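Here's the structure, in structure tokens; my notes come after.
What follows draws every value from the coordinates through simple rules; no lab data is involved. Keep in mind that what you see is a predicted model, and the values were worked out from it rather than measured. Note that each Cβ is placed from the backbone with ideal geometry, even for glycine, and that neighbours are counted across all protein chains shown.
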Amino acid sequence: MLLVCLQIDRFWLGAGLALTLVAVGVITALGIAAARSRTSRLDSLFARAPYLSGALIAVVGLIMLGSGLAHLAGHG
């Protein structure tokens with residue numbers, strides 16, 4: 001995204017997007033640390049989070065693959 005913003009001479013837009021993403025990441029990390037210090041019930045969820053994220057990405061990828069194949073089959 002930053003490269004697109006540089007291409008259209010909108011450096012500050014790209015820098016703003018990057019700062020926003022960094023800020024969201026920092027706030028999320030602080031929130032998770034605070035939640036983890038207050039309760040241990042979420043530990044199993046935190047331990048499974050990478051697997052859940054990977055599964056979600058795989059499902060979205062399969063949906064996009066199916067959509068692309070259907071699009072190609074319709075125009076072939």
Query raised in the report: Quick one: longest stretch of the chain between exposed loop trypsin sites (Lys or Arg not before Pro), exposed meaning at most 14 other C-beta atoms within 10 Å and loop per DSSP?
Result: 42-76
Report summary line: Dimensionless Rg/Rh of the chain, both radii on Cα and Rh by Kirkwood, sits at 1.19
